[in-house]
Amino acid sequence: MAAVLGVEPSFRARTRAPPPSGDSKTLCFPWFSDFSLSIYDDIRRCWARSNSLLNLRITSTATFPIILELMPSGSHQMAAAGFATLITDTFTHVTHRYSSNYFVPLGATRVRINSPFETEKQADASFAPVDYDEEPSVVIEVGRSETIEELRGDMSRWFSLKSIKLVILVGISKPTSAHPELPTLRVEMWYRVEDETKREPTLTKVVDEDWSTGIPGPLQIPLWTLLGSTEVPDGLPTQLELGVQQLQRLRLRIISAWTKQASLFNF
């Protein structure tokens with residue numbers, strides 16, 4: 001542990017250091033060529049004691065087999081967990097049935113993806129049909145330091161899996177002159193449309209909303225995407241509607257978490 005404790009100050013010093021890609025929006029990327037999960041666990045516990053607003057995420061690329069990403073966790077986790085909870089709670093409230101009989105929340109599940117190269121992809125939140133086989137059908141991706149364009153790149157990789165029916169993107173970024181005290185919140189929802197005449201499925205954007213200053217309306221989630229089948233059982237709605245009041249509460253919780261982090265990271 002002494003060696004791990006000695007690493008911690010370099011993490012703190014590199015909080016705003018950009019990775020080799022030149023992405024200055026990324027808060028921190030320490031790299032290790034020889035790395036073990038036990039070291040990662042030690043560093044994570046050490047860092048959690050020193051700053052509860054930061055979180056370590058482990059990822060990989062073709063160039064860097066191990067990347068530890070230091071990132072703010074509050075608004076990011078609030079958006080992912082809040083959306084997932086709202087979906088399950090709404091299903092139970094509307095249908096008076098347990099969602100676990102129809103679909104399963106998988107949380108931040110890891111899945112192996114071969115596009116554009118073989119690697120693992122981790123969702124911020126996800127769902128799968130109750131009889132699923134390893135891979136989810138609905139994924140929620142939240143970007144706290146990513147642009148909405150970068151999130152769409154993540155979305156395209158998810159849709160390389162045939163099991164994925166729906167992807168929800170939540171972008172959280174800096175305020176603008178139109179709302180200097182509020183973060184920019186953008187929500188997009190995409191689903192796949194299979195076409196036997198085409199080699200690749202068609203991706204259709206069904207939601208593109210700015211939540212920065214309010215909620216424009218309810219969100220309609222096609223229930224078949226959660227069930228993994230176009231056949232919706234009798235007695236269930238074809239669309240799961242997330243109401244404006246519930247979405248507004250989620251929006252305010254995301255903004256509250258962002259505000260707590262803003263002074264720490266100066267954005």
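The values are calculated or read from the model by the stated rules, or taken from the named source; none is laboratory data. Everything quoted here is computed from the prediction, not taken from an experiment. Note that each Cβ is placed from the backbone with ideal geometry, even for glycine, and that neighbours are counted across all protein chains shown. Just so you know, the surface numbers come from the protein's heavy atoms only, side chains and all, with ligands and any DNA or RNA stripped out. Shrake-Rupley method; radii C 1.70, N 1.55, O 1.52, S 1.80 Å.
Can you find, within segment 251-267, the residue that is farthest from SER75 (Cα to Cα) among those that are at pLDDT 70 or above, open to solvent by less than 50 Å² (accessible area, probe 1.4 Å) and not β-branched (Val, Ile, Thr)?
In this case the residue turns out to be ARG251.
Could you list, in sequence order, the residues of segment 64-93 that are open to solvent by 60 Å² or more (accessible area, probe 1.4 Å), more than 13 Å from the chain's Cα centre (by Cα) and modelled with pLDDT of 55 or more?
Matches in segment 64-93: THR85, ASP89, HIS93.
Taking THR213, is it β-branched (Val, Ile, Thr), modelled with pLDDT under 90 and in a loop (DSSP other than H, G, I, E, B)? Outline the logic, then answer.
On the way: β-branched (Val, Ile, Thr): yes; modelled with pLDDT under 90: no; in a loop (DSSP other than H, G, I, E, B): yes.
No, not satisfied.
Among the residues of segment 184-201, write down those that are more than 17 Å from the chain's Cα centre (by Cα) and either under 25 Å from ILE87 (Cα atoms) or modelled with pLDDT of 90 or more (or both).
ARG192, VAL193, GLU194, listed by residue number.
So, of the residues in segment 223-237 that are at pLDDT 90 or above and touching a strand residue (DSSP E or B) at 6+ places or on another chain (Cβ under 7 Å), which turns out to be most open to solvent (accessible area, probe 1.4 Å)?
LEU227
In segment 203-222, which residues are more than 18 Å from GLY171 (Cβ to Cβ) and either in contact with a helix residue (DSSP H, G or I) (Cβ under 8 Å, 6 or more places away or on another chain) or open to solvent by 40 Å² or more (accessible area, probe 1.4 Å) (or both)?
First pass over segment 203-222, keeping only residues more than 18 Å from GLY171 (Cβ to Cβ): 204, 217-218, 220-222.
The answer is THR204, GLY217, PRO218, GLN220, ILE221.
Has segment 240-250 got at least one residue that is open to solvent by less than 30 Å² (accessible area, probe 1.4 Å), under 27 Å from ASP133 (Cβ atoms) and in contact with a helix residue (DSSP H, G or I) (Cβ under 8 Å, 6 or more places away or on another chain)?
Among the residues of segment 240-250, at least one is open to solvent by less than 30 Å² (accessible area, probe 1.4 Å), under 27 Å from ASP133 (Cβ atoms) and in contact with a helix residue (DSSP H, G or I) (Cβ under 8 Å, 6 or more places away or on another chain), which makes the answer yes.
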